[in-house]
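Derivation of every value follows stated rules applied to the coordinates shown; laboratory data play no part. Keep in mind the model is a prediction, meaning the values are calculated, not measured. So basically every Cβ, Gly included, is an ideal-geometry build from the backbone, and we count neighbours across all protein chains shown.
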Amino acid sequence: MSLPIYRDPSHSTEARVQDLLARMTLEEKIGQMTQVEKNSLTPAEVTTYFLGSVLSGGGGSPTENTPESWAAMVDAFQQGALHTRLAIPMLYGVDAVHGHGNARGATVFPHNIGLGAANDPDLMREIGRATAEELLANGIPWNFGPAVSVPQDIRWGRTYEGFSEGTDLVTRLAIPYLEGMQTPPDGADDRSLYVLATAKHFVGDGGTSFGSPTTPADQPFLLDQGDTQVDEATLRALFLAPYAAAVEAGAMSVMASFNSWNGTRMHAHPYLLTDVLKGELGFQGFIISDWQAIDQISPDYSAAVVTSINAGIDMVMTPYDFRTFIATLTEAVARGAVTPERIDDAVRRILTVKIMLGLFEHPYHDPALLETFGGPAHRQLARRAVRSSLVLLKNENQALPIRRDTPLLFVAGEGADDIGIQCGGWTVEWQGRAGEITPGTTVLQGIRAALSPATELHYDRFGRFETVLDSAGEPHLADVGLVVIGEAPYAEGLGDRADLGLSEQDRGTLLRMRQRSRTLVVLVISGRPLILTDQLPQMDALVAAWLPGTEGAGIADVLLGDYPFTGKLPYTWPRTNDPGAIHRLPASEYGPLFRFGFGLGS
């Protein structure tokens with residue numbers, strides 16, 4: 001018995017899609033347009049409702065967070081999809097925004113702000129491929145990344161998800177990452193996409209105006225999900241250009257943004273979603289909504305559904321009450337508010353991607369890739385990325401590199417020996433958290449392993465070294481003090497901050513270390529530039545390490561002189577907390593502390 005055309009890979013993608021679409025009922029089509037968070041359904045419900053996609057939100061891991069448990073969980077949902085009448089595989093998606101960070105034991109790369117400082121397209125291509133391999137080890141063929149936002153106000157809690165404030169640099173790095181993720185390896189002739197990348201968030205999410213929230217009043221966001229108040233020429237030049245490049249490079253998934261443009265929500269914007277993205281730019285893939293984002297369009301849920309689908313949203317991320325969404329869209333089609341042609345267009349785009357991914361031929365996880373999950377090759381790549389991302393902002397009195405045989409070294413700061421702080425948000429949990437949340441090497445561990453056995457190293461997270469005395473019983477001065485300051489983990493709007501100054505604790509630790517160290521080296525672990533102007537004179541050396549991920553030994557490699565400093569600032573480093581010094585639209589009247597592109601060599 002011959003296979004139906006849609007199951008036969010010898011036919012063209014277009015022929016397979018058309019054959020499958022012609023066999024589908026409206027119920028099956030709307031199921032394909034529905035994406036549900038894994039905690040809100042069972043594999044059996046994937047079968048019952050013909051669901052097209054399942055996702056793990058931030059922290060949406062299986063009960064036992066291991067690679068094997070991830071693979072088993074995703075395969076179970078996939079089995080539910082394959083039990084439907086037409087056996088259309090579901091598409092599982094996650095936010096692997098700096099490696100497959102939801103999974104404990106995965107390789108966690110530097111967040112995009114650090115990769116922007118590295119400015120290495122070849123490195124980005126390798127990271128894209130490595131991330132794809134770790135995703136497919138778990139049966140996950142869809143990554144909600146890369147972010148191609150161009151953040152213009154570093155008070156935004158998603159600044160670290162953007163490679164840079166510069167459009168050209170964002171494009172230069174996002175495209176090879178996308179290509180590295182999507183390009184199948186040699187010999188994979190039965191698929192044209194390896195892992196589906198997602199350019200997000202369309203469009204203008206990095207340019208919202210401070211204090212212009214359009215979210216519910218009880219949400220504390222100052223910039224996230226706000227209004228981008230610029231003219232169309234600025235929107236196109238600053239924010240649209242990376243999407244044009246991504247579409248040209250083969251992007252087949254774009255996520256719409258929570259933000260509005262001059263008062264109109266992006267999820268309700270047919271001009272930008274359909275006329276510009278699908279029409280003018282020629283985007284052939286599908287547009288996925290953000291988390292419950294269509295709900296913000298209108299208090300009338302039916303109106304919100306109709307408006308978003310007619311604007312151009314093809315798949316709706318409805319993490320919880322998916323039954324209401326399905327019933328609402330079904331009713332909207334019945335009364336003519338959404339046409340069958342619009343439904344077919346959306347489903348055709350979704351099915352095209354599934355066939356391009358080879359999901360009909362390879363629906364389950366790849367056991368061979370479990371053997372390299374979080375393995376040495378990927379961790380060495382991440383360590384190289386860390387080395388490349390470090391930016392040397394000050395180096396006086398030959399403070400750096402630190403001599404391997406330094407007699408007495410004091411290390412302070414909570415971030416010096418905390419893998420969770422190093423990794424930041426979107427790591428194991430949505431907001432991330434401090435502590436030993438995943439395997440890796442901290443800054444302190446990396447330095448300790450590289451120092452001479454003759455070096456005496458002391459660590460205190462608060463910089464209190466009163467008990468370290470010399471032979472006369474007097475407080476000992478360290479030859480070198482290394483203090484790690486910065487930010488606790490956060491993600492999205494919960495990281496919006498009006499004040500980017502150092503915490504009182506960090507200021508106190510820095511002052512104590514200055515008093516107890518002949519030479520003071522300061523390492524900043526943060527998702528954006530922080531205001532350090534008043535503290536800068538206390539420092540002999542200052543290094544921006546961003547959010548380096550699991551491979552803290554890469555920092556030790558450079559601090560101890562095995563590799564040079566090569567990173568350059570991907571964002572302007574402001575001098576003051578004044579809004580005029582921080583927001584890049586319009587151009588700041590204030591001189592920066594360090595200009596965009598600055599970085600000393602070692």
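Some values worked out for this structure:
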| read-out | value |
| --- | --- |
| Segment 113-192-segment 321-397 distance, computed between alpha-carbon centres (Å) | 12 Å |
| Cα gyration tensor shape of segment 185-334, rounded if a/c is under 1.5, else prolate or oblate by comparing a/b with b/c | oblate |
| Lysine pair count for the chain [Cα-Cα under 30 Å; pairs on different chains or 8 or more apart] | 12 |
| Cβ-derived FRET efficiency at R0 25 Å, D186 paired with E45, nearest 0.05 | 0.05 |
| Estimated Rh, segment 168-268: Kirkwood, alpha-carbon pairs, angstrom | 15.0 Å |
| Sorted by Cβ neighbour density within 10 Å, fewest at the top, the residues W430, W261 | W430, W261 |
| Ratio Rg/Rh [Cα only; Rh per Kirkwood] for segment 478-601 | 0.96 |
| Rh (Kirkwood; distinct C-alpha pairs) - segment 1-96, Å | 14.3 Å |
| Packing rank of 450-463, 141-154, 267-280, where each peptide gets the mean count of other beta carbons within 10 Å, highest leading | 141-154, 267-280, 450-463 |
| Residue-wise HN-Hα coupling along segment 279-288, computed from phi with Karplus coefficients 6.51, -1.76, 1.60 (Hz; x: Gly, Pro) | x, 4, 7, x, 5, 9, x, 10, 9, 9 |
| Over segment 376-582: Rg over Rh, Cα atoms, Kirkwood Rh | 0.95 |
| Extent along principal axes [Cα atoms of segment 382-452; Å; largest to smallest] | 41, 23, 21 |
| Helical contribution to [θ] at 222 nm, DSSP H n ≥ 4, -39,500 (n - 2.57), averaged over the chain, rounded to 500 | -9000 deg cm²/dmol |
| When the convex hull of its Cα atoms is projected in every direction, mean area for the chain (nm²) | 26.7 nm² |
| Under the span-like rule (Cα at least 20 Å along the axis, Kyte-Doolittle mean at least -1.0), DSSP H helices of the chain | 67-82, 121-137, 167-182, 340-356 |
| Kirkwood estimate for segment 87-155, i.e. one over the average of 1/r between Cα atoms, Å | 13.2 Å |
| Residues whose placed amide H lies under 5 Å from that of F462, excluding near-sequence neighbours | G413 |
| Cα gyration tensor shape for segment 108-250, rounded if a/c is under 1.5, else prolate or oblate | prolate |
